[in-house]
Amino acid sequence: MSALNKIARTLVSNRRGILAADESIGTMSSRLEKVGVEPTEENRRVYRELIVTTPQLAESVSGVILADETFHQKLANGRTFPEYLDELGILAGIKVDTGAKPLAGAPDEKVTEGLDGLRERVAAYVRGGATFAKWRAVITIGDNRPSARAVRANVHALARYAGLCQEGGLVPIVEPEVLMDGSHSLARCQEVTTSVLESLFEELDLMQVQLDGIVLKPNMVVPGSDSGERPTVTDVARATVDALHATVPPSVPGIAFLSGGQSPELATQHLAAMQKLDPLPWELTYSFGRALVGPALETWRGDEGNWAAAQQALSERAVANAAAR
């Protein structure tokens, strides 16, 4: 077993999942403001310390994806976040993309950037204690979207990122997210998700990415948030698993779903339903952000007196998702 394969399997095994705490400074500041917390660097640090010091977190969480700011910060005990996570037996990951930017010639579509200087940044993150990385591409569904240009640009960037990470010793989490924004149907989401994953694995093969040393982080197949369509939990699970069966090679160790704006409870129900379908060649787990930490943030609201209750809210969501596996 290669070192990359060992890390990938650790991330998706033993009923644990991956906690995404890698919001950009702008996104995290906005979320703090919404709960009445001043969006300072120190408050962002304190909030993320609340997350990683949650009791028994390692029983349900295998890895935590950090933003660059958090990666270099220290907890109150003087340890860096990667050092503290390592002591808990949780792998430290790092978001390495620099965000989705408008794609030339493709109105209303974006391509994720961040390849410039990535080789050097990967080396620095490995020295700092990272074992895996994340890169998110966003695909929109709409009139004449996604375009072939947008899909190709994004999966090409994902494949180049994955190759650079593996070269430097990091397991890449490969995240092609088909957004749930819009009025499209469940069937249309399944069609687009399948097409995007097909294109992705063609690019990964072209770049000779070691598939047993990656974790795939796709969207679940759900109808657009404005569609009015209300499929059953089983319908979503079936459509998602069918898309995966059609596209994902069995050599991939695991699939860690993003929640994509679903409610915490519904995302967990969908994950649980998938486990009950056909025998699957991959581990199915979760890599949730808001669906895990949202209740904790709402409970904390910057009040030290709510610290324990906020951690309890996070623990309950993490335990529920581990149970869903």
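Would you calculate, for the chain, the mean residue ellipticity at 222 nm contributed by helices, counting each DSSP H stretch of 4 or more residues as -39,500 (n - 2.57) and dividing by all residues, to the nearest 500?
It lands at -14500 deg cm²/dmol.
Give me the one-decimal nm value for the distance between modelled label points at ALA3 and ASP212, 7 Å along each residue's Cα-to-Cβ direction. Those two pseudo-labels are separated by 1.7 nm. A cut-off of 5 Å between modelled amide H atoms, ignoring neighbours fewer than 5 places along the same chain, links THR53 with no other residue. About its Cα centre, the range 3-324 has a charge dipole of approximately 320 debye under the convention of +1 per Lys or Arg Cβ and -1 per Asp or Glu Cβ, with nothing else charged.
For the range 251-265, 3J(HN,Hα) computed residue by residue from phi via the Karplus equation (6.51, -1.76, 1.60; θ = phi - 60°) reads 6, 5, x, x, 10, 10, 6, 8, 8, x, x, 5, 5, x, 5 Hz, glycine and proline entered as x.
Among ASP303, ASP212, ASP97, the residue with the largest mean-square fluctuation in a Gaussian network model of the chain, with springs joining Cα atoms closer than 10 Å, is ASP303.
Ordered from longest to shortest, the equivalent ellipsoid semi-axes for the range 3-324 are 28, 23, 20 Å, each the square root of 5 times a Cα gyration tensor eigenvalue.
Each residue of the range 275-285 is assigned a 3J(HN,Hα), and the resulting list reads 5, 8, 8, 3, x, 10, x, 10, 6, 10, 9 Hz, derived from the Karplus form 6.51 cos²θ - 1.76 cosθ + 1.60 (θ = phi - 60°), x at Gly and Pro.
For the pair ASN144 and ASP205, the difference between a 0.36 nm per residue extended length and the Cα-Cα distance amounts to 19.2 nm. Listing VAL138, VAL151 from fewest to most neighbouring C-beta atoms within 10 Å gives VAL138, VAL151. Footprinting exposure proxy ranking of ARG45, ARG149, fewest other C-beta atoms within 10 angstrom first, gives ARG149, ARG45. With the charge dipole of the range 3-324 set up from +1 on Lys and Arg Cβ and -1 on Asp and Glu Cβ about the Cα centre, the Cα lying farthest toward the positive end among the listed residues THR234, GLN166, MET274 is that of GLN166. For the range 231-246, the Karplus equation 6.51 cos²θ - 1.76 cosθ + 1.60, evaluated at θ = phi - 60°, returns couplings of x, 6, 4, 5, 4, 5, 4, 5, 5, 5, 5, 4, 5, 5, 4, 6 Hz by residue, with Gly and Pro reported as x.
For the range 2-133: lysine pairs with Cα atoms under 24 Å, gap of 8 or more or different chains, count? Don't skip to the answer; put the middle values down first.
Numbers: LYS6/LYS95; LYS34/LYS95; LYS74/LYS95; LYS95/LYS110; LYS101/LYS110.
Taking the range 2-133 as the scope, the lysine pair count is 5.
Quick note: the coordinates plus some simple rules give every number you see, no bench work behind them. Not measured: the values here are computed from a predicted model. All Cβ positions, even for glycine, are placed from backbone atoms using ideal geometry, and neighbour counts span all protein chains on display.
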